[in-house]
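A short reminder: the numbers here are calculations on the coordinates, not readings from a lab. Keep in mind the model is a prediction, meaning the values are calculated, not measured.
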């Protein structure tokens, strides 16, 4: 337990909610939509926004009314107003002809006005620039080609995709970008493209956590702190993370639910205290950790952080697992921090065993990946690889070894999920590797590429 007496004074914010809203009713019962009239507290501009939105988008205003934002006097206007010369400046019908300019988009730059420390931490994490780089970085041409040319079906029309930027390919039909806009960017983020009226085009908004905005900001805080209530309780629950961290390549929410931590949450979590002030949410409020507990929460003598990779040792997402360094964090420090998290509930023996289990799984995966790399180099030297990796059975299997089975094995070990570590992980790893080995040996023996290699996804059944 931390020393509460020293922290309570700096952590508690008291909000006085004194009749922000009043409702005007007709003499006879009116069971239709009510018009909100704001009498005090907010500026004239803010009042106008609230009253208009209550008519046009009542659900949005209803969520905001329940938020700490409303209690603190933070209105629609405060978050959405921009300077006239902002690259995101536009005017909705409610402010047409006035000096007020707004943007429907709210970037991390706006959030930083009130939450500078949290945004600074966030920008150092994999949830910001690194997230969007996965699909926006021109150097990652293979992924852009996958999204637009292959998944976007441009190949069916003999299309060629300009991969020099991360922006929408020009001169292509709309369906070419469907895979990216409906899928990839909703988690990773996108570069928002603007039309002549400074409104987003080409379905580049809304986007995921690493979205890049025209004002130069990176990061979409509302992915986790769902607008417009921005509930801390919602962000603390694993479902907030599970919106993106799921599926065949990184089934983190499924892994969590399988783990003992997840079992306790699923059976008892509805009775936990999710509303404790930031920095004071700790064992006792909950009986097992959630994603937020381990990766972000103040616990023991650890402070709250919005840098979700700060407490991580290994890079478990990329083709080879290495101890984190550079813009991916400090892995040695991360290991010490995560051990501190574990030791709030577990003794040193339990913690040591869990951390060693992860280390040995990383070692196993890296050994198989090294073998795959060696085979690929030999095939390349002899001209026995297809130029298009998605039409080459060996290269497609190699992708699954890393991106699917290898990730599941490593992450299953990290989060204590034996089924994902084994049956969806190491068992399928060795199967994929052996298939690659068969193709490798056949090509070397026959000095040619097989006529047809049908490869199926290695997603969990």
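In whole Å, what is the distance between the alpha-carbon centres of the range 264-322 and the range 49-91?
First find each Cα centre; the distance between them is then 31 Å.
Give the Rg (one decimal place) followed by the Dmax (whole number) of the range 316-401, computed from C-alpha coordinates and expressed in Å.
Values for the range 316-401 (Cα only, Rg and Dmax): 18.0, 55 Å.
For the range 103-146 and the range 363-399, write down the distance between their C-alpha centroids in whole Å.
Each part reduced to its Cα centre gives a spacing of 31 Å.
In whole Å, what three semi-axes, largest first, describe the equivalent ellipsoid of the range 163-277 built from its Cα gyration tensor (square root of 5 times each eigenvalue)?
Square roots of five times the eigenvalues give 34, 18, 9 Å.
Rounded to whole Å and ordered largest first, report the semi-axes of the equivalent ellipsoid of the chain derived from its Cα gyration tensor (root of 5λ). Numbers along the way, then the final one.
Working: eigenvalues 388, 197, 64 Å².
Equivalent ellipsoid semi-axes, largest first: 44, 31, 18 Å.
If you wrap a convex hull around the C-alpha atoms of the range 119-223 and split its volume per residue, what is the figure in Å³? Numbers along the way, then the final one.
Values: hull volume 10.0 nm³, N = 105.
Spread over its residues, the Cα hull of the range 119-223 gives 96 Å³ apiece.
Taking just the alpha-carbon atoms of the range 276-423, what radius of gyration and Dmax come out, in angstrom?
18.6, 62
Take the alpha carbon atoms of the range 171-203, find their center, do the same for the range 233-254, and report the distance between the two centers in whole angstrom.
24
What translational diffusion coefficient, to the nearest whole µm²/s, does the range 210-286 have by Stokes-Einstein, given a Kirkwood radius computed over alpha-carbon pairs, a temperature of 20 °C and 1.002 mPa s viscosity? Don't skip to the answer; put the middle values down first.
On the way: Rh = 14.3 Å.
Using the Kirkwood radius from Cα pairs, D works out to 150 µm²/s.
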